[in-house]
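To keep things clear, I will list the structure first and then write my remarks on it.
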Amino acid sequence: MASILLAEDDSSLRTFLAKALGRAGHMVTSCEDGVEAIAALELRDYDLLLADIVMPGVDGIELAQRATAHLPDIKVLFITGFAAVALNAQKTGANRDAKILSKPFHLRDLVDEVDRILQRAA
């Protein structure tokens, strides 16, 4: 079981993602934005950050930079509905090992990708 920090500003999607990951056996801390996620990082360690790239306030890229500075071994998976943003995220070097999953995606694809990322870390 992995500990996942989820930052997604769309409340419906955040709920669906948290439920799917929870059913897959992971412990999920859900945050409505990057600011809330940064506060959550101070409370405990996480194995994976799952973050929307485009969020108000602190976006997913800045969140990933802060998360990896605080927890160097944390894995990062970005989700986004904007292809151009995904390409830009890859160029920023927010986390060279970060993966990007483009919306829309099937929940099974998300769970499979999370499992792949976490297996590589083991």
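Computed quantities for the displayed model
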read-out: Candidate aspartates and glutamates - alpha carbon under 17 Å from K99, same-chain residues fewer than 8 apart omitted; value: E8, D47, D52, D59, E62, D73, D109, D112, E113, D115
read-out: Rg(Cα)/(2.2 N^0.38 Å) for the range 3-121, N = residue count; value: 0.93
read-out: In Hz, Karplus ³J(HN,Hα) per residue of the range 25-38 (6.51, -1.76, 1.60; θ = phi - 60°; x = Gly, Pro); value: x, 9, 9, 10, 9, 9, 10, 7, 6, x, 5, 5, 5, 4
read-out: Along the chain, longest interval not containing exposed chymotrypsin sites (Phe, Trp or Tyr not before Pro), exposed being DSSP loop plus at most 14 other Cβ atoms within 10 Å; value: 1-81
read-out: Longest exposed-site-free window of the chain, the sites being trypsin sites (Lys or Arg not before Pro) in a DSSP loop that have at most 14 other C-beta atoms within 10 Å; value: 45-95
read-out: Ellipticity estimate at 222 nm from DSSP helix runs (n ≥ 4, -39,500 (n - 2.57)) divided over the chain, nearest 500; value: -14500 deg cm²/dmol
read-out: Built amide H within the under 5 Å cut-off of I79, gap 5+; value: A51, D52, I53, L101
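Every read-out reported here was derived from the displayed coordinates using simple, explicitly stated rules and does not represent laboratory data. Everything numeric here is computed off the predicted structure, so don't read it as measured data. Neighbour counts are summed over all protein chains in view; Cβ atoms, including those assigned to glycine, are modelled from backbone coordinates with ideal geometry.
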